[in-house]
Amino acid sequence: MSLLSVSNLHVALGARPVLKDVSFEVTAGEFVGLIGPNGAGKSTLLRAALGLAPSRGRIAIGGDEGLSSRQRALRIAYLAQERDIAWPVSVEAVVALGRAPHGSAFSNAAAQDRRIIEQAMRRMEIAAFRDRQATQLSGGEKARVLIARALAQDAPLLLADEPASGLDPSHQIVLMRLFAELASEGRAVVASMHDLGMAARWCSRLILLDHGMIVADGAPRAVLTAERLRSVYGIEAHLGEAADGMIVQPLDIAAGVDAATTQSGKEQHDG
Amino acid sequence: MTDTARYRVVLAILAAATVVLFLLSLTVGPAAIGLGDSLSALFSDKRDAIALIMREIRLPRAILGLMIGATLGLSGAALQGWLRNPLAEPGLLGVSASASLGAVIAIYTGFSALFPLGLPLAALGGAVLAVFVVQAMAGLRGGTLTIILSGVAVSAFAGAMTSLALNLSPNPFAALEIMFWMLGSLTDRSMTHVWLAAPFMLVGWAMLASLGRALDALTLGSDTAASMGVNLRRVQFLAVFGTAASVGAATAVAGAIGFVGLVVPHILRPLVGARPSRLLPASALGGAAVLLTADILVRVIAPGRDLKLGVLTAIVGAPFFLWLVYRTRRQLL
Amino acid sequence: MAGILRKLSRGAVFAALLLPAASAAWAAEPPKRVVSMNLCTDELAMLIAAPGQLYSVSYLAADPGSSVLATQAGGYAVNHGLAEEIFLMQPDLVIAGTYTTRSTVTLLRRLGFRVEEFAPENSFDDIRANLKRMGEILGRQQRAAELIAEFNVGLDELAARKAPARTVAFYYANSYTSGSGTLADAIVKASGLVNIGDTLGLAGTTKLPLEMLLIANPDIIADGIDRYDTPALAQENFVHPAYRALPGRKVAVPGKYMICGAPFTLEAARILKDAATDHGGQP
């Protein structure tokens, strides 16, 4: 079932085009890693899919176009890159915000809401500090609280903008496992990320963006080739195989490529 | 659950304090009238001096104290939640000063004498302009510094224009009335003022009160809030016009009263678990209690001197503001 | 040392400005070119000065709302109490009120002008004293004595006319009233009436809260002073519903009779007395 279908999407910030003719589709059961160098347009793509950035093109959510913001919120949960929490509210209150689109009229969440909030907190291992002020948490703890908030929204599709940044390796793995689990439950996750090793190991599919265009889209082994890493990222990497997945370990800047100029090195447009 | 229970207790205490202060406000005044006499005169059919004083002088004063205080507390909490900024407040953003300017133009040109509704409408217009200017300068993600600096500029300009309008008035008393417009007073306001301002304040309250859940969501930023189904345009409309209608009407009849909208939400925030939606009703009640207290104090401290309300609110509010700036200065730059 | 320096500098100013007047000559003969810079001294001077003796009066003297002698004031040059303006008029006498801007008076004295200051009249004795002093300064003692006599006759007439002892409250813009020690208080007493401000223990021109006015419930309220056609919050007390509900009779006593003390001040007393007499039929 198609949860999100984007076709011929164009986004410009002022006169500068950020996304050019982007098309892809996300179906239930997928864990899509959105990868690409800084400035490739990953965050903009996620925001545009939600209607947060003005765009041209067709966006269908669960097969429907032109949804109200409220209807959209029931189908897509979004985890912003920005992790600023304005007020010293409790951890539990932040997570409970995820239930807002479901319209339980009072913050006294009904039994169903409570169950989902508890589950989200348990999954992110934050139930132990549910009463602490969210503004007092460490960066990693705060990230987990915000992920739990997005989980509590209980939408079929989760768009997450660099959810793993700031997390220690064990919590990164917990997060990846969780996203894979959500996918296996019949939901879908699209997460932008920089850690190619994590992306290769956990995602069912990768979309590689460069200069606002999709350069490659497919299974990790198909997308992450040595040549593409060189042309898009400008790096040499060790690509290997382990018992249960692919291994990608960046080693060095590619020969003859200056890190600052890698962006101009791309040449392939297959997908 | 205990969280919710504590919130209800806080609201109950604030409501009780507001009721007590409202009654106390009715019993304070230059004419020494006993507690029992004064309250019974409110409900008697007599038309003697005491009944006249109670119904036509003290009752409107207490009602306006309550409503204006609630307006300032509520709008302070709403603006802080909307701009995600603890220093937002109608006074600091220049909303009060601009509403004063609107009111001054309406009154001293004689416009409001011909068309009474012109007074609150002109104040509302001034207030809307101020919010738009500050917001245009700072933007929805605007930093604290931009917001405060634009507020300072708007306030200074509106203050200067108010002074100019008063100086140009052919009535020699007008020039002296800058004090009223900058510091506010409830002395000898009448029921006419209540009828004029109350509808606008009520409409403004309704608009601001409806923001609760959206402000909660905005705690996590505007993108996240929007992704949760919050319509940011609608929120902006309600915040701007709700503030302008209520603060505009309040300022039109009582002048600009500063700092209530800053201090009250801050003191109450920890008591309601910092949730913007819960802060709204609490700040409205807290603002009412604070302004009623200030208005009682101006009558007790300096009877017959017509001490301005803004003097008292600034004595408490300005040091508090400095302390807040000191505490948040790392985020300022 | 400092004293010598000051004298030297003053001498320098004198020399630079080539001013005539020597202090010894002041008392000798009456001044010929007099400038008054205060409404009350304007009126006294206009009443007493010889033709041609008074050169300029303040702009307020020509304002019919404030000045009894507004039409007469049209015959003089107008000043706005600015030192530069008065310097250019080159008067041999400047008359100011004690409330005239201090810095202006000091500056005029430094420039070598003779400045005489008059305190405002707060009682009938003050009126007589100021009339007499103005006569002496202008060398018109005879004219001053006539005015004092006229004033005394007016007072006697007023006292002779019996009127009921009604209570009167003055009620000005911003809820001010006149208590004891004011000219208004003297006028009320001369009319045989009772000043509420005085009975409430208020002294001078001071606030009378609307609540207190309602409690006092005076027979007559004199509220015509300091009212302007243009709007100001200061006048909102006159339209307050509680004020309008007061049963007492509201009388407009034009402010011009009471701002300054002079024989014409008795006109205010006559207006009040007429109001009290008309009022006599009512309970």
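The values are calculated or read from the model by the stated rules, or taken from the named source; none is laboratory data. The model shown is predicted, which means the values in this text are computed figures rather than measured ones. Because the Cβ atoms are built from the backbone with ideal geometry, glycine has one as well, and the counts that use them run over all protein chains shown.
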Is there any pair with a first residue in region B:93-117 that is under 20 Å from residue C:236 (Cα atoms) and within 11 Å of chain C (Cβ to nearest Cβ) and a second that is outside any helix (DSSP H, G or I) and among the β-branched types (Val, Ile, Thr) whose Cβ atoms are under 9 Å apart and which are 6 or more apart or on different chains, and what are they?
B:108/C:230; B:110/C:230
Enumeration of residues in region C:160-188 that are without any contact (Cβ under 8 Å) to a residue 60 or more places away in the chain, over 16 Å from the mean Cα position of the chain (by Cα) and assigned to a helix (DSSP H, G or I):
C:160
Every listed condition ((1) away from chain C (no Cβ under 14 Å); (2) outside any loop (DSSP other than H, G, I, E, B)) holds for residue B:85 save (2)
Region B:267-297, residues that are under 29 Å from residue B:32 (Cβ atoms) and surrounded by 22 or more Cβ atoms within 10 Å (Cβ to Cβ)
B:288, B:289, B:290, B:291, B:292, B:294, B:295
Qualifying residue in region C:159-169 (condition: at pLDDT below 90, closer than 23 Å to residue C:220 by Cβ and of a type in the set (D, E, K, R))
yes
Give, as residue ranges, the helices (runs of 4 or more DSSP H) completely inside region A:91-209 that count at least 3 residues that are within 14 Å of chain B (Cβ to nearest Cβ).
A:91-96, A:111-123, A:139-152
Scope region C:171-184; condition of a type in the set (S, T, N, Q), more than 12 Å from chain B (Cβ to nearest Cβ) and surrounded by fewer than 23 Cβ atoms within 10 Å (Cβ to Cβ); matching residues
C:180
If I go through region A:222-264 residue by residue, how many of them are modelled with pLDDT of 80 or more, loosely packed, with under 13 Cβ neighbours inside 10 Å and in contact with a strand residue (DSSP E or B) (Cβ under 7 Å, 6 or more places away or on another chain)?
6
Could you go through region C:86-95 and let me know if any residue there is over 30 Å from residue B:176 (Cα atoms), in the same structural domain as residue C:203 (by TED's automatic domain parsing), in contact with a Leu (Cβ under 9 Å, 6 or more places away or on another chain) and not in a helix (DSSP H, G or I).
no
Condition (residue is farther than 30 Å from residue C:60 by Cα and either away from every other protein chain (no Cβ under 14 Å) or at pLDDT 90 or above (or both)) applied to region B:157-177: is it met by at least one residue?
yes
Of the residues that make up region B:28-42, is at least one closer than 21 Å to residue B:192 by Cα, facing another protein chain (nearest Cβ under 10 Å) and surrounded by fewer than 24 Cβ atoms within 10 Å (Cβ to Cβ)?
yes
Would you mention how many residues in region C:185-228 are more than 9 Å from chain B (Cβ to nearest Cβ), within 30 Å of residue B:37 (Cα to Cα), of a type in the set (Gly, Ala, Ser) and surrounded by fewer than 22 Cβ atoms within 10 Å (Cβ to Cβ)?
2
Looking at (1) surrounded by fewer than 18 Cβ atoms within 10 Å (Cβ to Cβ); (2) in contact with a Ser or Thr (Cβ under 7 Å, 6 or more places away or on another chain); (3) under 15 Å from residue B:80 (Cα atoms), which is the one condition that is false for residue B:306?
(3)
Report, by residue number, each residue of region C:105-129 that is closer than 16 Å to residue C:87 by Cα and touching a residue at least 24 places away in the same chain (Cβ under 8 Å).
C:107, C:108, C:110, C:111, C:112, C:113, C:114
All but one of (1) in contact (Cβ under 8 Å) with a residue 12 or more places away in the chain; (2) surrounded by fewer than 18 Cβ atoms within 10 Å (Cβ to Cβ); (3) more than 14 Å from chain C (Cβ to nearest Cβ) hold for residue B:205, so report the exception by its number.
(2)
Which residue is nearest to residue A:171 (Cα to Cα), if the candidates are limited to region A:206-221 and must be surrounded by fewer than 22 Cβ atoms within 10 Å (Cβ to Cβ) and in contact (Cβ under 8 Å) with a residue 60 or more places away in the chain?
A:220
Here is a list: B:261, B:242, B:304. Which entry is on the phi > 0 side of the Ramachandran plot and more than 14 Å from chain A (Cβ to nearest Cβ)?
B:304
Among the residues of region B:243-266 satisfying the criterion of being over 19 Å from residue B:155 (Cα atoms) and at pLDDT 95 or above, which is surrounded by the most Cβ atoms within 10 Å (Cβ to Cβ)?
B:264
